[in-house]
Each structure stands twice: as C-alpha cells, then as structure tokens.
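Asker: Have a look at this one.
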Amino acid sequence: MTRPEQPDVVIVGGGIAGASAACKLTAGGVSVVLLEKQDAYRDLVRGEWLAPWGIREAQRLGVDDCFSAGGAWEIREWMTWDEAVTEDEVEAVDMTRFIPGIGGPMSFPHHAVCELMAEQAVAGGARLVMDAARIGVVPGERPVVTYRTPEGEHELRPRLVIGATGRGCTVGRQIGVTMRNSMHHWGGGMMVEGMDGWPPDVQAMGTEGDVMFMVFPQGYGRARLYLNFPTVNKHRYRGPGGVERFLAAYELKCLPDRGKAVTEATPAGPLSVWPSVSSVPEGPPLTEGVVLIGDEAGNADTVLGTGLSCAMRDSRTVCDILLDSADWSPSAFAPYVEERGSRLERLDFGASIISRLHVEFGPAAVERRRRVRRLMARNFAAQVTGLLNMVAPEDVPEFGFSEFFAERLFRETA
Ligand SMILES: Cc1cc2nc3c(=O)[nH]c(=O)nc-3n(C[C@H](O)[C@H](O)[C@H](O)COP(=O)(O)OP(=O)(O)OC[C@H]3O[C@@H](n4cnc5c(N)ncnc54)[C@H](O)[C@@H]3O)c2cc1C
C-alpha cells in the first residue's frame with residue numbers, strides 16, 4: 001500500500017466534470033489527484049454538442065482552449081426535418097445569436113477534449129492516475145480514498161473528494177446518495193465520416209415513423225449521429241448488423257435526398273445503445289468530505305443536450321466555493337446544492353416536454369407535433385422550452401416550467 005504526500009482534493013472520474021474541475025483547482029493553487037478508470041481516453045459515446053451557455057461555462061473555467069484544440073466545430077443553423085413539417089415550413093434557425101459574443105453551439109470529439117483537459121490539469125500541477133480501479137471512498141472530516149493500479153494498492157487522505165464518475169455513481173453509491181430514475185425511451189449514438197453531402201454547419205433533428213434522429217456535424221465530413229426510439233424496440237440496433245440497421249434508419253422521407261448523405265456515411269467509432277434515463281438525487285449530492293458533480297450528482301434526459309453544460313456549471317460552482325473560502329464543510333456548499341436542485345428540476349421538466357413532443361410515435365403524436373408547431377408559430381411564448389438548451393435554465397422565463405404551460409401545450413391530446 002502506497003501513501004504518497006496528501007493532496008487537498010481527490011477527484012474521482014476524469015470526464016468533462018472531473019477534468020475541468022482539476023484544471024480550475026490547479027490554476028487556483030489547490031493540489032489535486034485525478035483518478036480515471038480508463039487506461040487511455042476512448043470514444044465512450046457521450047455528449048458532443050455543447051450549448052452556447054456551456055461554452056460560457058468552459059470560458060469561465062479556463063478550459064475553452066481544450067475545446068478549440070480538440071477540434072470543436074461551430075454549428076450555425078438548426079433544421080427541423082420532420083414528418084409533421086411540410087417542405088414549405090422547413091426553416092433554418094440561426095443558432096449564433098442566443099448569447100451575444102458566444103456564437104453557435106459547438107460539436108466536438110468528447111474523448112479528445114477530456115484528454116486535453118487532463119493534460120492541462122497535469123501541466124498545472126495535478127497528478128493524473130489512469131487505469132485506477134476498485135475505488136473506495138470513506139467520507140468524513142478527513143475522507144479516505146483507496147484504489148488499485150497495475151502497480152498495486154494505494155490510499156489517499158485528502159481534505160475533500162469530488163465524485164465525478166458519471167451515471168455509474170461509483171462515489172455517490174458509497175456515500176448513500178440515491179436517485180429517483182425515470183425513463184421515457186432508448187437512444188443510440190455513433191460517429192461517422194464521409195458525410196460530404198451534408199451541409200457542414202447545419203445540425204438537424206426530427207421524427208419520422210418510430211425514430212427521432214439527430215445529426216451534429218463535426219467538420220471534415222464527420223458527424224455524431226443519435227437516434228431515440230421506443231423502449232419496446234430497445235434491442236433493435238444490437239447484435240450482428242446493428243451498425244447497418246442504425247445507418248439505414250436515416251433513410252427518411254423528411255430528410256433531403258431521403259437521408260442519402262447519412263445512410264452512405266462510414267462508421268468511425270463504436271455504436272452505443274442506452275436507456276435514456278433522467279436521475280434526480282433524493283437528497284443533497286454531498287456528505288462530510290465528499291461532493292458530487294456532473295452526471296454523478298443527477299442528470300436530465302440526454303434528449304435535451306445539456307449534460308455537458310451542467311457538468312461544467314457544477315465544476316465551476318464547486319471550484320469557486322473551494323477557491324473562495326477555507327471552509328470546505330458541507331454547509332459551505334449550500335449555494336451549489338440549491339442552485340443545482342432548481343436547475344435540474346427545470347431541465348427535467350424541459351426534457352419531459354421534449355420527449356413527449358418529439359420521442360412519441362404514431363398518428364396522435366404526429367398530430368400533436370403539428371398542433372404545437374402551429375401554436376408556436378402563432379405565439380412565441382410557446383417556444384420557451386426550445387430556449388432551454390441554448391441559454392442557461394435560470395435565463396428561461398419561469399412560466400415555461402409550470403404545469404399551466406405543459407397543459408396549454410398538450411391540452412388537445414391530454
Ligand atoms: C449518448 C449520450 C449523448 C449525450 N448527448 C449530449 C449532448 O449532445 N450534449 C450534452 O450537453 N450532453 C449530452 N449527454 C450528456 C453528457 O455526455 C454528460 O452529461 C456528461 O458527459 C457528464 O460528464 P461527467 O464528467 O459528469 O460524466 P462522464 O462523461 O460519464 O465521465 C465520467 C468519467 O469518469 C470515469 N469513471 C467512471 N467510473 C469511474 C470509476 N469507478 N473510477 C474512476 N473513473 C471513473 C469515466 O471513465 C469518465 O471518464 C449525452 C450523454 C449520452 C450518454
């Protein structure tokens with residue numbers, strides 16, 4: 001068992017949340033050990049679309065250069081190609097103007113950016129441990145972290161542990177944080193290349209038949225594809241031929257050229273399929289000596305595309321508290337717990353509206369999307385949920401999170 005010099009903070013999980021926190025803390029003079037279970041950063045199929053408000057969070061954390069160096073690509077327009085939208089109604093939404101001075105959302109290779117963040121943290125003085133397995137965390141005034149590497153068993157006794165292991169909740173489970181989980185549908189994602197026929201700065205989403213698709217270009221003919229589909233068909237893209245079935249699902253009447261630019265693309269990474277789960281913690285995501293950030297502290301359904309922005313908001317908020325005060329007791333994190341709780345409540349509500357609207361299938365769902373579209377064209381206020389993945393949740397008008405709003409939106413089909 002090795003017991004090296006003790007760091008101020010041990011961060012468990014070197015994803016966007018953990019690695020960005022390591023960068024911010026080391027820049028502020030805090031000593032950090034960052035434990036990551038992978039032996040090298042690989043494509044795990046995570047989020048790769050960063051909202052404008054998330055870009056602002058990255059800037060505040062001082063990690064925005066990792067995105068540009070990692071190949072971030074600005075997306076400027078959003079097309080909704082959908083069976084409920086006629087060709088005349090299709091209209092490009094300019095995504096560059098939601099937050100002045102920021103520009104459009106970014107699409108980027110997730111694992112490359114995490115690796116660059118980890119490198120930036122190391123350059124700032126952090127110790128990065130890859131291939132860290134069997135992490136044990138015992139909370140307390142002086143928490144204990146144990147882990148194993150190929151070199152042997154190790155133990156650390158920092159002042160604070162930050163749990164950032166994502167949905168696996170390795171740290172959260174050990175400190176007794178439980179989640180209320182709900183699932184609306186399933187999703188799948190894959191990277192492709194050779195999409196030269198696709199407009200390079202245009203993202204698209206839409207629903208046809210029983211799939212809801214998303215396309216996020218990453219430049220140079222590459223794009224991240226996501227599909228959402230009903231839980232009853234959860235095995236549809238599994239097993240032999242899954243990749244081919246996944247690409248073939250983009251042969252859709254609503255897409256230009258019936259989706260040829262996508263169906264003829266070449267797979268350039270693993271196909272991953274997952275239950276699209278929203279997890280809300282049943283208590284505060286912390287205890288004495290341990291605080292959780294990112295997906296480990298709870299997340300809204302991925303359909304909303306805000307998990308990365310949230311991970312960096314968490315990271316920034318927690319790091320600011322640590323850098324501003326010598327008090328690292330649980331009560332010092334009360335502003336974080338409160339802000340995060342109301343943020344997740346709003347995002348969860350927004351995600352449930354998006355899921356109901358875009359990831360339900362059949363004639364009644366098509367009619368609902370048509371009706372809501374007409375309502376939105378008549379009344380701008382009905383578009384409020386659409387703001388939620390562009391600007392920060394606190395900047396969206398409160399009525400967009402009311403039952404009144406949801407009832408108005410869905411009243412004819414309730
Ligand atoms: C398929 C999919 C699509 C998504 N699309 C979007 C999107 O377009 N936009 C968006 O904003 N969000 C999206 N999200 C959500 C977004 O990816 C997450 O919210 C974000 O990655 C959370 O970051 P994190 O660092 O908290 O967790 P993770 O990204 O899960 O990172 C956790 C890290 O911890 C490591 N780890 C795990 N367990 C251990 C352990 N026991 N010990 C040590 N290390 C460990 C992992 O290897 C990983 O590096 C998507 C999520 C999924 C699954």
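Coordinate-derived values only; no laboratory data. Quick caveat: nothing in here was measured; it's all calculated off a predicted structure. Please note: Cβ atoms are built from the backbone with ideal geometry, for glycine as well, and neighbour counts cover all protein chains shown.
Asker: Return the Cα extents of region 245-295 along principal axes one, two and three, sorted largest first, each rounded to a whole Å.
Answerer: The Cα atoms of region 245-295 stretch 57, 23, 16 Å along their principal axes.
Asker: Nearest 0.05, what FRET efficiency do Q6 and V243 give at R0 = 35 Å with Cβ-Cβ as r?
Answerer: On the way: r = 47 Å, r/R0 = 1.34.
About 0.15, to the nearest 0.05.
Asker: Continuing with this model, one more query. If I fit a long axis through the Cα atoms of helix 110-123 and take the longest principal axis of the Cα atoms of the chain, what angle between them do I get, 0 to 90°, rounded to 10?
Answerer: 30 degrees
Asker: Determine the dipole magnitude for region 346-410: charges of +1 sit on the beta-carbon of Lys and Arg, -1 on that of Asp and Glu, nothing else is charged, the reference point is the Cα centre, and the result goes in debye to the nearest 20.
Answerer: 500 debye
Asker: While we're on this one: State the three equivalent ellipsoid semi-axes of region 14-163, derived from the C-alpha gyration tensor as the square roots of 5 times its eigenvalues, in descending order and whole Å.
Answerer: Numbers: eigenvalues 280, 58, 36 Å².
Over the Cα atoms of region 14-163, the ellipsoid semi-axes are 37, 17, 13 Å.
Asker: Using Cα centres only, tell me the gap between region 212-230 and region 324-389 in whole Å.
Answerer: Computed from Cα coordinates, the inter-centre distance equals 21 Å.
Asker: Just subtract the alpha-carbon distance of E338 and D39 from 0.36 nm times their residue separation and send over the number in nm, one decimal.
Answerer: Here the answer is 104.1 nm.
Asker: Considering only T231, A21, S278, whose Cα is most displaced toward the positive end of the charge dipole of the chain, charges sitting on Cβ of Lys, Arg (+1) and Asp, Glu (-1)?
Answerer: Of T231, A21, S278, it is T231.
Asker: Which part of region 276-296 falls in the paramagnetic zone of R173, meaning amide N under 15 Å from the point 7 Å along Cα-to-beta-carbon?
Answerer: 296
Asker: Sticking with this one: For the chain, what Kirkwood radius comes out of the mean inverse Cα-Cα distance, in Å?
Answerer: Evaluated over the chain, this radius sits at 22.0 Å.
Asker: Given 0.36 nm per residue, what is the gain on full extension from F399 to E282 after removing their alpha carbon distance, in nm?
Answerer: Numbers: separation 117, 0.36 × 117 = 42.12 nm, distance 2.48 nm.
Difference between extended and current length: 39.6 nm.
Asker: Related question: Could you grab the relative contact order for region 183-276? Cα pairs under 8 Å, six or more apart, rounded to a whole percent.
Answerer: Taking the mean separation of contacting Cα pairs over the length of region 183-276, I get 41 percent.
Asker: Here is a further query. Tell me the GluC sites (Glu not before Pro) within region 1-76 that lie in a loop according to DSSP and have at most 15 other beta-carbon atoms within 10 Å. Don't skip to the end; give the middle numbers.
Answerer: Details: sites: E5, E36, E48, E57, E74; in loops: E5, E36, E48.
Of the GluC sites (Glu not before Pro), the ones in loops of region 1-76 whose Cβ has at most 15 other Cβ atoms within 10 Å are E5.
Asker: If the only charges are +1 at each Lys and Arg Cβ and -1 at each Asp and Glu Cβ, what is the size of the charge dipole of region 1-152 around the Cα centre, to the nearest 20 debye?
Answerer: 1160 debye
Asker: Take the Cα radius of gyration of region 160-277 and divide it by 2.2 N^0.38 Å, with N its residue count; two decimals is plenty.
Answerer: 1.25
Asker: If I model a spin label as a point 7 Å beyond the Cα along the Cα-Cβ vector, how far apart are those points for S329 and R134 in nm?
Answerer: 3.6 nm
Asker: I would also like to ask the following. In the chain, if the dipole is taken from +1 on Lys/Arg beta carbons and -1 on Asp/Glu beta carbons about the Cα centre, which of H185, A58, G152 is farthest to the positive end?
Answerer: In the chain, that residue is H185.
Asker: Let me ask you something else. Placing unit charges on C-beta atoms (Lys and Arg positive, Asp and Glu negative, everything else neutral), compute the dipole magnitude of the chain about its Cα centre in debye, rounded to 20.
Answerer: 700 debye
Asker: In the Gaussian network model of the chain, springs joining C-alpha atoms below 10 Å, which of V337, V161, V384 carries the largest mean-square fluctuation?
Answerer: V384
Asker: Pairing the Cα long axis of helix 334-358 with the longest principal axis of the chain, what angle in degrees results, from 0 to 90 and rounded to the nearest 10?
Answerer: 20 degrees
Asker: Work out, in µm²/s and without decimals, the Stokes-Einstein translational diffusion coefficient of region 346-410 at 4 °C, 1.567 mPa s, Rh from Kirkwood over C-alpha pairs.
Answerer: 107 µm²/s
Asker: Also: Working out 0.36 nm times the residue gap between E141 and V122, then minus their Cα-Cα distance, what length gain in nm do you get to one decimal?
Answerer: 4.2 nm
Asker: Most mobile of I353, I11, I162 per a Gaussian network model of the chain (Cα springs, under 10 Å)?
Answerer: Most flexible of the set in this elastic network: I353.
Asker: Which Cα, out of A364, I354, F404, lies furthest along the positive dipole direction of region 346-410 (beta carbon charges, K/R +1, D/E -1)?
Answerer: The Cα lying farthest towards the positive end belongs to A364.
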